[in-house]
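All remarks here apply to the structure that follows.
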Amino acid sequence: MKPDEISSSLLENDSFRVLAGCIEVRNSNGRTILRAGAARVLPKRAQVEDIELDGGIIPNKHWLQLALTKLALSKGDTCFCAMYPHSEFYDPEKEQDSHNVSTELKERNLKTWSTEHISHCKSCGQCLEVHGEGGWHVPWWKWSELDVP
Ligand SMILES: [Zn+2]
C-alpha cells in the first residue's frame, strides 16, 4: 500500500477497507509513509472513528485505535516499539520473525499456558518484558518496558 492508499482506505466509509488500512499501518514501520498517512487522516480523526466496525472477540475498534495511535506516534521520533504496550495482540515470536525485536523465551508454564519473554527492540535497543496467556480463545501478551541500567 502506498501512503495515499493507507489514508484513503482509512477515510473510506467501508469497514473492510478501513480494517485493511489499519492492518497496513500496524505492519508498517516506514516513518515517511506513516507520516504522510497521519497528515491526511489525523485531522479527520472524528470522522474516521465514527464508522461502525463490529468485530468478534476482539472489537475491531481496537485495530482502528491502534492505527490512529501509531499514526500520531509516527509524527515524532519515538521508536515504534512504544506501540507494544498499547495492544495485547503483538505476538513476540511473530515480531521477532518480522525482524522488529529479538525475543528470548524465559519461561513457559504448561499448567497455565502462560509464557514470559524478554524482547529487545532492534531499532532502539529498548528492553521489554512480555507476559503471555495462551489458554483462552484468543492468546494475548502484555508488554512492559524494562529499564535496564
Ligand atoms: Zn524501539
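Bear in mind that the values in this text are calculations on the coordinates, not laboratory data. What you see is a predicted model, and the numbers here were worked out from it, not measured in a lab. As a convention, Cβ positions derive from the backbone with ideal geometry for all residues, glycine included, and neighbour counts pool all protein chains shown.
A few comments on the model shown:
- Local electrostatic count, Ser8, Cβ distance below 15 Å [Lys/Arg +1, Asp/Glu -1]: -1
- Cys residues of the chain counted as unpaired, since no other Cys beta-carbon is under 4.7 Å: Cys22, Cys127
- Local net charge near Thr32, Cβ-Cβ under 12 Å (Lys/Arg +1, Asp/Glu -1): +4
- Under 5 Å from the amide H of Trp113 lies no amide H of any residue 5 or more positions distant or on a separate chain, with H modelled from the backbone and absent for Pro and chain starts.
- Take the Kirkwood radius over Cα pairs of the chain, plug it into Stokes-Einstein at 25 °C and 0.890 mPa s, and you get 151 µm²/s for translational diffusion.
- Distances between every pair of Cα atoms in the range 1-78, grouped in 10 Å steps from 0 to the bin holding the largest one, split as 21, 59, 19, 1 percent.
- Cβ-derived FRET efficiency at R0 30 Å, Val148 paired with Glu93, nearest 0.05: 0.90
- Extreme residue, positive dipole direction of the chain, given options Ser144, Thr32, Cys121 (C-beta unit charges): Thr32
- Applying Stokes-Einstein at 25 °C and 0.890 mPa s to the Kirkwood radius of the range 81-146, computed over alpha-carbon pairs, gives a translational diffusion coefficient of 209 µm² s⁻¹.
- Above-threshold pairs, the threshold being 22 Å between Cα atoms, out of Lys44/Lys70; Lys75/Lys142; Lys2/Lys122; Lys70/Lys106: Lys75/Lys142; Lys2/Lys122; Lys70/Lys106
- Segment His86..Thr112, full-extension length gain: 7.0 nm, with 0.36 nm per residue of separation and the alpha-carbon distance subtracted.
- Cross-link reach list, aspartates and glutamates versus Lys61, counting only Cα pairs under 18 Å and skipping chain neighbours closer than eight places: Glu12, Asp14, Glu24, Glu49, Asp50, Glu52, Glu88
- Helix-only CD estimate at 222 nm, as mean residue ellipticity for the chain, using -39500 (n - 2.57) per DSSP H run (n ≥ 4): -11500 deg cm²/dmol
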